[in-house]
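Colleague: The following block contains the structure, expressed as structure tokens.
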Amino acid sequence: MALILPRDLCRTLLRTRNLCNAGIRGRHEDRTVHRLLQGLQAGQRASLAEAITLVETSHPLKKQQAGHLLTRVLQDANDQYSEKGPQALSFRIGLSGPPGAGKSTYIENFGKFLTSQGHKVAVLAVDPSSATTGGSLLGDKTRMPELSRDDDAYIRPSPSRGHLGGVTRSTNEAIMLCEAAGYDTVIVETIGVGQSEFSVVDMVDMFALIIPPGGGDELQGLKRGIMEMSDLVVVNKSDGDLVPAARRMQYEYISALKFIRPKSKHWKTPVKRISSLTQEGIPELWELMQEFRHTMEESGEFVERRKTQRRAWLWTHLKDNLVSAFVGTPGMRERIREAETRAMEGVVSPGDAADQLLLLHITQLQKAA
Ligand SMILES: Nc1nc2c(ncn2[C@@H]2O[C@H](COP(=O)(O)OP(=O)(O)OP(=O)(O)O)[C@@H](O)[C@H]2O)c(=O)[nH]1
Ligand SMILES: [Mg+2]
């Protein structure tokens, strides 16, 4: 059945997500978009911060501007890629671990190590707790005192609005903006307690799990799922009295990983011990990460993963936008509430209730067309 969208709905769709980006380059460009683009190209932090705020917004006009900006950023990135190949691509590293594992301490020292090597590092956070508590990375900035003062580093506090989907979605776009501003290494941090790490996997080139020593139950708690997604497992706090426990943890993870299907046929997930406090093992870990990147690039998987990720994000956006367009149809909220009640009471099966709502929606669309 052909689905024809009435004009009102089209407008809503275009406003909620700028679906009409193609060919923007030649058109009159919004002044804000132009200014931000220039700022990004000049590597200005203030423009980067403003651009990220723009992609986090839910304001319809600003969303449209964000869409234009992202299109331009993507075009520039594609030009760079055609010119230089995979070398033009940044390195996106996802870092997840339970609270207190030492993520902030690690990022502080790892980040400083990278900037000392001439890299430009951006740190973004996907923090499920911030959605309700209002942004815990503010505290984290103080736990990354030196990195936050480093001219070659940019630390973005986690957005404090919306549900997880919104937060992670804009993080994906924030990564692109950081790259446009010249950051060649982007670290995305997440607390491994919910679903957030699953979305982060779809944003990064390498996903690292960081765990503290001890806490045997932790291994069960950390679920197979997250291990299956990891390209690297880091046992942190391998210093002083904690060294024996860190070794035990390392062996436990090495054996646990033997029973897990490898994420890539080109890479076997290593388990490494480090100390973020003493910085022991941090340079070696970076070497390993580069080896990973090299292996992935050689096999073609690096670029392939990014393609697959883009497809996955397209579907995320599509589902979100379809649901909001559906819910936004006049009178639909009322009908949804009725259907919910009927399904809850067991009068109708949830599947039937959903089918009826969809049918109603399609009929309304056809009438309006
Ligand atoms: N001994 C030792 N302590 C560490 C190390 N890394 C971090 N810590 C300590 O562990 C505690 C937690 O470190 P954070 O870096 O804040 O951990 P986090 O994973 O960012 O914690 P959340 O943000 O709460 O999830 C702090 O007291 C750190 O000083 C390490 O390598 N060795
Ligand atoms: Mg932290």
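Colleague: Scanning for something at pLDDT below 90, surrounded by 14 or more Cβ atoms within 10 Å (Cβ to Cβ) and under 21 Å from residue 204 (Cα atoms), does region 29-52 turn up at least one residue?
Modeller: Among the residues of region 29-52, not one is at pLDDT below 90, surrounded by 14 or more Cβ atoms within 10 Å (Cβ to Cβ) and under 21 Å from residue 204 (Cα atoms), which makes the answer no.
Colleague: So, in region 232-262, of the ones that are modelled with pLDDT of 90 or more and β-branched (Val, Ile, Thr), which residue ends up surrounded by the most Cβ atoms within 10 Å (Cβ to Cβ)?
Modeller: 234
Colleague: For region 74-91, how many residues are open to solvent by less than 40 Å² (accessible area, probe 1.4 Å) and hydroxyl-bearing (Ser, Thr, Tyr)?
Modeller: 1
Colleague: Checking the structure you have, find out if any residue of region 273-286 is on the phi > 0 side of the Ramachandran plot, within 16 Å of ligand 1 (Cβ to nearest atom) and in the same structural domain as residue 206 (by TED's automatic domain parsing).
Modeller: yes
Colleague: Then there's this: State the number of residues belonging to region 229-267 that are assigned to a loop (DSSP other than H, G, I, E, B), under 16 Å from residue 209 (Cα atoms) and not charged (D, E, K, R).
Modeller: 5
Colleague: Name every residue in region 73-105 that is assigned to a helix (DSSP H, G or I), within 16 Å of ligand 1 (Cβ to nearest atom) and of a type in the set (S, T, N, Q), in order of residue number.
Modeller: Of everything in region 73-105, those that are assigned to a helix (DSSP H, G or I), within 16 Å of ligand 1 (Cβ to nearest atom) and of a type in the set (S, T, N, Q) turn out to be 104, 105.
Colleague: Could you grab me the full set of residues in region 170-186 that are over 19 Å from residue 310 (Cβ atoms), of a type outside the set (Asp, Glu) and in contact with a Phe, Trp or Tyr (Cβ under 8 Å, 6 or more places away or on another chain)?
Modeller: Scanning region 170-186 gives 181, 183, 185.
Colleague: Also, quick follow-up: How many of the residues making up region 194-225 are crowded, with 20+ Cβ neighbours inside 10 Å and either modelled with pLDDT of 90 or more or more than 16 Å from ligand 2 (Cβ to nearest atom) (or both)?
Modeller: Going through region 194-225 one residue at a time, the tally reaches 14.
Colleague: Among the candidates 327, 303, single out the residue that is open to solvent by less than 50 Å² (accessible area, probe 1.4 Å) and touching a residue at least 12 places away in the same chain (Cβ under 8 Å).
Modeller: Going through 327, 303 in turn, the sole match is 303.
Colleague: Just one of the numbered conditions (1) in a helix (DSSP H, G or I); (2) open to solvent by 10 Å² or more (accessible area, probe 1.4 Å); (3) modelled with pLDDT under 95 is not true of residue 109; which one?
Modeller: (3)
Colleague: Among the residues of region 281-296, are any under 30 Å from residue 81 (Cα atoms), at pLDDT below 95, surrounded by fewer than 16 Cβ atoms within 10 Å (Cβ to Cβ) and among the hydroxyl-bearing types (Ser, Thr, Tyr)?
Modeller: From region 281-296, those under 30 Å from residue 81 (Cα atoms) are 282-296; that's our starting set.
Imposing the further condition that a residue be at pLDDT below 95 reduces the set to none.
Scanning region 281-296 turns up no residue that is under 30 Å from residue 81 (Cα atoms), at pLDDT below 95, surrounded by fewer than 16 Cβ atoms within 10 Å (Cβ to Cβ) and among the hydroxyl-bearing types (Ser, Thr, Tyr).
Colleague: Continuing with the same structure: Go through region 268-310 and report how many residues are in contact with a strand residue (DSSP E or B) (Cβ under 9 Å, 6 or more places away or on another chain) and outside any helix (DSSP H, G or I).
Modeller: 9
Colleague: I want to confirm something. Restricting to region 112-143 and keeping residues that are outside any helix (DSSP H, G or I) and at pLDDT below 90, which single residue is nearest to residue 48 (Cα to Cα)?
Modeller: 125
Colleague: Out of region 303-341, which residues are at pLDDT below 90 and hydroxyl-bearing (Ser, Thr, Tyr)?
Modeller: 316, 324, 329
The values are calculated or read from the model by the stated rules, or taken from the named source; none is laboratory data. Predicted model only: the values in this text are computed from it and were never measured. Neighbour counts are summed over all protein chains in view; Cβ atoms, including those assigned to glycine, are modelled from backbone coordinates with ideal geometry. Please note that ligands, DNA and RNA were not included when accessible areas were found on the heavy atoms of the full protein model with its side chains. Shrake-Rupley method; radii C 1.70, N 1.55, O 1.52, S 1.80 Å.
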